[in-house]
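First comes the structure, then the notes that go with it.
The values are calculated or read from the model by the stated rules, or taken from the named source; none is laboratory data. Because the structure is predicted, anything quoted here is derived from the model rather than measured. Using ideal geometry, Cβ is built from the backbone for each residue, glycine included, and neighbour counts are taken over all protein chains shown.
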Amino acid sequence: MTVRVRRVYDPPEPEDGVRVLVDRLWPRGVSKEAARVEEWPKGLTPSTELRRWYHAGGGTYEEFARRYEAELAEPEARELLDRVRDMAGRGPVTLLTSAKSPERSHTAVLVRLLEADRR
């Protein structure tokens, strides 16, 4: 299974495989043609409330990750997570985000769960 994380602002590369946008909002300044997004599972992204809480400085990254994992345990999100995992089992998948620090964002949680739940 190959799952990578890249910023959506970076140009697509051949080794990206399936490009999956994992942000709830479309990134500013990027056209759909330039981003070459193939999947946009909004139900897999942090809720608006959680995203606002975290960006307002409401708590630690660890608390954000815990709350986001709880959201990902819901049936719709779990199904979407399984779908991305299945795609990654067939070939490379690149999770795209506009986050400036993907390693301290929801994408790190997604990668950890995708890798931990391998079948």
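A compact table of results
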read-out: Qualifying residue in region 21-31 (condition: of a type in the set (Ser, Thr, Tyr) and modelled with pLDDT of 95 or more); value: no
read-out: Enumeration of residues in region 87-119 that are under 20 Å from Glu71 (Cα atoms) and among the charged types (D, E, K, R); value: Glu103, Arg104, Arg112, Glu115, Asp117, Arg118
read-out: Condition met for Glu115 (charged (D, E, K, R) and either part of a loop (DSSP other than H, G, I, E, B) or without any contact (Cβ under 8 Å) to a residue 40 or more places away in the chain (or both)); value: no
read-out: Helices (runs of 4 or more DSSP H) wholly inside region 1-109 containing at least 3 residues that are free of Cβ contacts under 8 Å to residues at least 60 places away in the same chain, in contact with a Gly (Cβ under 8 Å, 6 or more places away or on another chain) and not polar (S, T, N, Q); value: 75-90
